[in-house]
């Protein structure tokens, strides 16, 4: 994956993107992450455009829109150690920080089992009182047994707080049960052959020929954000997308902002099956058999209950691509005990070390959420890129994307650079990178607005930009 060169004025860039308004503590100056978030997301978007153009249908991914669009539609703002949507919190454990995400009613109901105690007060107050007695690894392992989305902030990320850095995205020590980040995604070749499409003087693979072939079919079994975003981007490539839902459990995103749901799924077909009935499972299997690309976000054993086997499906026909986007990847899910790891965008980002730091908070540096559930859209973008690269190469693959690991890749420092996150008290804050980055200053207030000053230039901290709802 190419990484864009170090930008000249990343603080100004962050301010203008709309993501700075989502990063930092309320009432304090917003902050800039040390991680080259925009650089790496734009590198992926630019490669997606280049390869899709070569395939004949250019896809232009607006990174600011992708990363900040949901927050704009929902009117979200930064919450510091509370996620922009309010469901996730960064909390102190005995040996560091953890993210606890109570996104679903079942998550709230599971907290007494997590703590091993009856809760009579506010659930967040109970967690704040109990977690300092827990080692983060013990807490996370217990949470995973219960299917709770809880993630530790990697020790390397916390160690970089003094210099403002996001660390190297890794966690100290050996990998124990998949708690430590790995690479952004894995591509497993399980197909016996290629599609036979190769560049030629007649044009790139997929270019129009004498007869018009049907558009390749994407069957999207995923829900919420990351998988549907990947499907949306593949739809822009000219692939036909069919969104599949269970009649008993439709996509939870339908309960959210209707404009955001419409933006994700514009131009797609939809169908529902009763997975409890043999006829419904058979209809699903028939549809998947016709697909060229499948997108899902489920555990392998859950797919097996539906009669779906990703590796067998890819191997059955050259050129098929199966995209799996989950919190921690298929390997970790397969090895986990109990309910297994569950993740949403905010806790997955923390698990990958993708946070910013308020360097001058009372009591010392404090990690804050970076953007809005940022691991979700990053995973969708990188997942779509992986599918397009596989199709350009003409070979089938099982692409295993872990949101936590994509966040860890994005959180990795530039070579030789550890950044400054700024975040001073009152109405003024300063920050700087150790190498190559001019220092910056943030002035203003929540009421009057914030401004970033860097290298003789200034830029307002803009709100996140809503997506364009065309069609």
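The values are calculated or read from the model by the stated rules, or taken from the named source; none is laboratory data. Computed from a predicted model, the values in this text were never measured in an experiment. Cβ placement follows ideal geometry from the backbone for every residue including glycine, while neighbour counts extend to all protein chains displayed.
So how many residues does segment 452-462 have that are free of Cβ contacts under 8 Å to residues at least 60 places away in the same chain and over 11 Å from residue 11 (Cβ atoms)?
1
Condition first: crowded, with 24+ Cβ neighbours inside 10 Å and at negative phi. Now tell me which residues in segment 346-360 satisfy that.
346, 347, 348, 349, 350, 351, 352, 354, 355, 356, 357, 358
Find the residue count for segment 83-111, including only residues that are in contact with a helix residue (DSSP H, G or I) (Cβ under 8 Å, 6 or more places away or on another chain) and either more than 17 Å from residue 140 (Cα to Cα) or assigned to a helix (DSSP H, G or I) (or both).
Total meeting the criteria: 7.
For residue 343, indicate whether it is surrounded by fewer than 22 Cβ atoms within 10 Å (Cβ to Cβ), part of a loop (DSSP other than H, G, I, E, B) and in contact (Cβ under 8 Å) with a residue 24 or more places away in the chain.
The answer is no for residue 343.
Tell me which residues, restricted to segment 113-157, are more than 25 Å from the chain's Cα centre (by Cα) and in a loop (DSSP other than H, G, I, E, B).
Residues satisfying the conditions are 116, 117, 118, 119, 120, 121, 122, 134, 135.
Considering every residue within segment 237-259, establish whether at least one is surrounded by 14 or more Cβ atoms within 10 Å (Cβ to Cβ), in a helix (DSSP H, G or I) and modelled with pLDDT of 95 or more.
Yes - at least one qualifying residue is present in segment 237-259.
Could you tell me which numbered condition residue 384 fails, if it satisfies all but one of (1) under 30 Å from residue 291 (Cβ atoms); (2) modelled with pLDDT under 95?
Unmet condition: (2).
Is it true that residue 59 is touching a residue at least 60 places away in the same chain (Cβ under 8 Å), crowded, with 24+ Cβ neighbours inside 10 Å and outside any helix (DSSP H, G or I)?
no
Residues being without any contact (Cβ under 8 Å) to a residue 60 or more places away in the chain, buried (at least 16 other Cβ atoms within 10 Å of the Cβ) and assigned to a loop (DSSP other than H, G, I, E, B): count how many of those fall in segment 275-318.
4
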